[in-house]
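Q: Just passing along the structure, written as structure tokens.
The values are calculated or read from the model by the stated rules, or taken from the named source; none is laboratory data. Fair warning: this is a prediction, and the values are worked out from it, not measured in the lab. Here the Cβ positions follow ideal geometry from the backbone for every residue, glycine too, while neighbour counts run over all protein chains shown.
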Amino acid sequence: MRSSNPVFSRRGFSRDNGHAGFNAAPQAGATATGNPYAQGTANPYATNPYAQTDLHGAPQAPARSDVMTIDGVVTRTAMTLGTVIVAAAAAWWAMPVDQANLGTAYGVAIGAALIGLVLSLVNSFKRRPSPALILTYAAFEGVFLGIVSNIVGTYIAPGAAMQAVLGTMAVFAGVLIAYRTGLIRVTRRFYGFVMAALIGFTLLMMVNLLFAVFGGGDGLGFRSGALGVVFGIVAIVIGACVLALNFKQVEDGIAYGAPREEEWLAAFGLTVTLVWIYFEMLRLVAILSGDD
């Protein structure tokens, strides 16, 4: 199953068995190189990119030790999220957001966000994960989130950052529990639904941004007031669905013996998703506090 996250979709992890725990292996009766749901060789999901074969071309289980593990994914994710948190805390305390420096703070936040966006695209299209670039992306995202959180907490909703953190943690825990217990089944239909929703939402927000830039205010009003609340909730729900795809990607990488370097890719994907959920949580808290 290919994730909606662009950094995952190019990897070609392919198992589509609905749902399972992180330690699952390919189902009995399925070859090491095939998708148990695949039909015919033309199926793009039918190939395991990490399968090994013997001298006669028959598939055999990987005998490597440098493979992706759940402990490795957890460690790399902790490193990337830790970098986000440290950078956010440093930006919070180092960048004043009083009236005299508010414009500068906004400028730094926007600059950090743009650099983070560029780095995320670079990381997404690199053939091999780069830990240095991933951690650099995390640092700039942390600067952006730290300044924005400080501004929201100072001028709009005191304590908004903590509420957004708790909300993000709740979403993460809820999706993980639902995925592990089978309440969320990541199938092709689920993937298609999430991709369609994500693309549609992104295009709508881009249109809203264009109207805001050229028309002033909040554009079409999708990010403020009652509509802002609705679209904020929709964004968080889509983010939660993307988390499920991230979990599936990790599961498939472990089951198929992906190289250890893919742990960084998994950590990057999870970080991108959690950063997005946090930002939407922060925006939602700000709107519900009576201002956007």
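Q: Which of the residues spanning region 161-207 are part of a helix (DSSP H, G or I) and among the charged types (D, E, K, R)?
A: Initially, region 161-207 is screened for residues part of a helix (DSSP H, G or I), giving 161-181, 188-207.
Within region 161-207, Arg180, Arg188, Arg189 qualify.
Q: Let me ask something else about it. Against the condition modelled with pLDDT under 95 and in a helix (DSSP H, G or I), how does Ala286 come out, does it pass? Step through it out loud before you land on a result.
A: Numbers: modelled with pLDDT under 95: yes; in a helix (DSSP H, G or I): yes.
Yes; evaluated as a whole, the condition is true for this residue.
Q: When the residues of region 217-250 are filtered to those that are touching a residue at least 24 places away in the same chain (Cβ under 8 Å) and β-branched (Val, Ile, Thr), which remaining residue is nearest to Ile184 (Cα to Cα)?
A: My answer is Val242.
Q: Restricted to region 252-263, and to residues that are of a type outside the set (A, V, I, L, M) and surrounded by 24 or more Cβ atoms within 10 Å (Cβ to Cβ), which residue is farthest from Asp71 (Cα to Cα)? Talk me through it step by step, then tell me what you get.
A: Quick first cut of region 252-263, residues of a type outside the set (A, V, I, L, M) only: 252-253, 256-257, 259-263.
After this cut, where a residue has to be surrounded by 24 or more Cβ atoms within 10 Å (Cβ to Cβ) as well, the list is 252-253, 262-263.
Values: Asp252: 15, Gly253: 13, Glu262: 13, Glu263: 9 Å.
Here the answer is Asp252.
Q: Would you please list the contacts, defined by Cβ atoms under 7 Å and residues six or more apart or on different chains, that run from a residue in region 186-212 that is without any contact (Cβ under 8 Å) to a residue 60 or more places away in the chain to a residue that is assigned to a helix (DSSP H, G or I) and not β-branched (Val, Ile, Thr)?
A: Pairs that qualify, where the first residue is without any contact (Cβ under 8 Å) to a residue 60 or more places away in the chain and the partner is assigned to a helix (DSSP H, G or I) and not β-branched (Val, Ile, Thr), are Phe201/Ala235.
Q: In region 133-146, is there at least one residue being under 20 Å from Phe231 (Cα atoms), touching a residue at least 40 places away in the same chain (Cβ under 8 Å) and of a type in the set (Gly, Ala, Ser)?
A: No.
Q: Among the residues that make up region 264-278, is at least one of them aromatic (Phe, Trp, Tyr) and under 20 Å from Arg185 (Cα atoms)?
A: Looking through region 264-278, none of the residues is aromatic (Phe, Trp, Tyr) and under 20 Å from Arg185 (Cα atoms).
Q: Further question on the same structure: Taking the stated definitions as given, is Ala157 surrounded by 18 or more Cβ atoms within 10 Å (Cβ to Cβ) and more than 24 Å from Leu243 (Cβ to Cβ)? Give the steps one after another, and end with the answer.
A: Values: surrounded by 18 or more Cβ atoms within 10 Å (Cβ to Cβ): yes; more than 24 Å from Leu243 (Cβ to Cβ): yes.
In short, yes.
Q: Moving on. Take the residues of region 118-130 that are out of contact with any Asp or Glu (no Cβ under 9 Å at 6 or more places or on another chain) and of a type outside the set (Gly, Ala, Ser): which is surrounded by the most Cβ atoms within 10 Å (Cβ to Cβ)?
A: By that ranking, first place goes to Asn123.
Q: Scanning region 236-270 for residues that are at pLDDT 95 or above and touching an Asp or Glu at 6+ places or on another chain (Cβ under 8 Å), which turns out nearest to Met79 (Cα to Cα)?
A: Looking at the filtered set, the residue picked out is Gly239.
Q: What residue, among those in region 90-104 that are small (Gly, Ala, Ser) and under 15 Å from Phe140 (Cβ atoms), is surrounded by the fewest Cβ atoms within 10 Å (Cβ to Cβ)? Don't jump to the end; show me each part of the working.
A: Initial filter on region 90-104 (small (Gly, Ala, Ser)): 90-91, 94, 100, 103.
If we keep only those that are under 15 Å from Phe140 (Cβ atoms) as well, we get 90-91, 94.
Details: Ala90: 14, Ala91: 24, Ala94: 11.
For region 90-104, the residue satisfying everything is Ala94.
Q: Let me ask another. Quick check, is Leu121 within 16 Å of the chain's Cα centre (by Cα) and at pLDDT 95 or above? Working first, answer last.
A: Details: within 16 Å of the chain's Cα centre (by Cα): yes; at pLDDT 95 or above: no.
Judged against the criteria, Leu121 is not a match.
Here's the yes/no breakdown for (1) in a helix (DSSP H, G or I); (2) in contact with a Phe, Trp or Tyr (Cβ under 9 Å, 6 or more places away or on another chain); (3) farther than 21 Å from Leu282 by Cα:
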position	(1), (2), (3)
Trp92	yes, no, no
Pro96	no, no, no
Gly103	yes, no, no
Gly107	yes, no, no
Ala112	yes, yes, no
Gly116	yes, yes, no
Val122	yes, yes, yes
Ala132	yes, no, yes
Thr136	yes, no, yes
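Q: Further question: Looking for whichever is more than 17 Å from the chain's Cα centre (by Cα) and of a type outside the set (S, T, N, Q) here; the options are Ala212, Ala240. Which one fits? First the steps, then the outcome.
A: Details: Ala240 fails: more than 17 Å from the chain's Cα centre (by Cα).
Testing whether each residue is more than 17 Å from the chain's Cα centre (by Cα) and of a type outside the set (S, T, N, Q) leaves just Ala212.
Q: Go over the candidates Ile134, Ile151 one by one and state the one that is surrounded by fewer than 21 Cβ atoms within 10 Å (Cβ to Cβ) and either in contact with a helix residue (DSSP H, G or I) (Cβ under 6 Å, 6 or more places away or on another chain) or under 27 Å from Ile238 (Cβ atoms) (or both).
A: Working: Ile134 fails: surrounded by fewer than 21 Cβ atoms within 10 Å (Cβ to Cβ).
That would be Ile151, the only listed residue that is surrounded by fewer than 21 Cβ atoms within 10 Å (Cβ to Cβ) and either in contact with a helix residue (DSSP H, G or I) (Cβ under 6 Å, 6 or more places away or on another chain) or under 27 Å from Ile238 (Cβ atoms) (or both).
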